[in-house]
1. Suppose R0 equals 41 Å; then what is the FRET efficiency for residue 54 and residue 150 from their Cβ-Cβ distance, rounded to the nearest 0.05?
2. Please report the antiparallel percentage of the DSSP beta bridges confined to the stretch 13-97, to the nearest 5.
3. Quick one: order 72, 93 from most to least accessible surface, probe 1.4 Å.
4. Would you please state the base-10 log of I(q)/I(0) at q = 0.13, 0.14 1/Å for the chain, with intensities from the Debye formula using one equal scatterer on every alpha carbon?
5. What number comes out for the charge environment of residue 70, summing +1 per Lys or Arg and -1 per Asp or Glu over other residues with Cβ under 12 Å away?
6. Restricting attention to the stretch 175-275, which GluC sites (Glu not before Pro) occupy a DSSP loop and are surrounded by at most 11 other Cβ atoms within 10 Å?
7. Among 54, 110, 258, whose mean-square fluctuation peaks in a Gaussian network model of the chain (Cα, cutoff 10 Å)?
8. Sorted by mean Cβ packing within 10 Å, highest first, what order do the peptides 5-16, 212-223 take?
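The values are calculated or read from the model by the stated rules, or taken from the named source; none is laboratory data. Only a predicted model underlies this, so the values are computations on that prediction, with no experimental measurement involved. Note that we place each Cβ from the backbone using ideal geometry, even for glycine, and neighbour counts take in every protein chain shown. Only protein heavy atoms, including side chains, enter the accessible area calculation; ligands, DNA and RNA are left aside. Shrake-Rupley method; radii C 1.70, N 1.55, O 1.52, S 1.80 Å.
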Amino acid sequence: MEIRISDNVGFCYGVNRAFNNTIKLNDKKNIYMYGQLVHNNSVIEKITNTGIKIFENIDNLPENSYKSTVIIRAHGITSKEREILEKNFKQVIDMTCPIVTNLIKLSKGIQEKGYYIVVYGKESHPEMRGLKGNLSEDKILITKEPLKLQNKSKVCIISQTTVDYPSFKKFYLKMLEINQFSDIIIKNTICRETYMREQQALEISQWADKVFVIGGKNSSNTTKLYKISKMNCKNSYHIESIEEIKEVVINKEDKIGILTGASTPLWQLENIKKHIEGNIS
Ligand code: SF4
């Protein structure tokens with residue numbers, strides 16, 4: 001059996017920053033995360049095991065908020081949510097990934113120049129909700145489907161940081177085909193980290209007999225890697241734990257590929273790799 005692991009595994013820059021800065025905070029009993037800091041259950045479990053708590057609903061703040069600290073997740077939040085947190089908590093620690101913060105700043109600046117923003121992304125994703133909630137909401141559209149826009153001639157097309165480039169390109173080319181813009185800006189705002197993982201996913205899935213893509217089922221970039229892998233290797237598995245691959249037979253002739261999402265910790269990768277190596281038929 002041969003195992004090939006992607007060159008880009010473990011936490012990306014933004015997740016690493018958020019996780020490490022959270023873990024080293026003192027007085028964990030008085031700290032809350034507003035929503036999942038990152039999209040990985042084992043990471044969230046590790047954080048909550050230290051005493052840090054989590055709340056999901058901005059309309060239902062913890063009772064002791066005024067004497068507690070709250071952490072803003074790596075995907076960012078809306079300006080309205082930030083205002084509520086700042087008003088109700090003793091301290092707010094912002095762990096928004098700087099790349100997401102830059103995307104918000106860039107979009108705001110372009111909107112202020114009179115452009116209507118079209119984002120290729122998933123509207124319900126926290127990063128997209130955060131982006132929309134920091135901009136003029138009537139001058140932004142988040143969609144995965146190319147649409148004919150009414151009365152919009154000055155337009156800027158950007159992307160969610162975790163989408164794949166070929167799909168983004170297909171999207172903006174279609175937008176240009178079905179619309180008549182007098183002024184158009186197209187900016188590829190895909191995070192480089194996710195782009196590199198995508199390239200590795202392509203290469204490894206073309207080589208392997210079986211590919212294990214490790215990461216949260218709610219992680220957009222892990223799901224993207226899985227889709228890329230599945231196109232080339234039908235025995236691709238998107239997994240979060242060993243339990244999910246107990247039934248998969250590993251043969252000694254197999255070429256095994258391993259990929260991880262940007263919020264997948266190395267300890268999860270190591271556990272799964274050990275399981276694969278110890279269960280060869
Ligand atoms: S994938 Fe990129 S944008 Fe998202 S948290 Fe990681 S470094 Fe930041």
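1. Computed FRET efficiency for residue 54 and residue 150 comes out at 0.50.
2. 0 percent
3. Details: 72 0, 93 30 Å².
Highest to lowest solvent-accessible surface, that is 93, 72.
4. -0.93, -1.03
5. Local net charge: +3.
6. Those that pass, being in a loop and sparsely packed, are 247, 253.
7. Comparing 54, 110, 258 in a Gaussian network model of the chain, the most mobile one is 110.
8. The densest-packed peptide leads the list: 212-223, 5-16.
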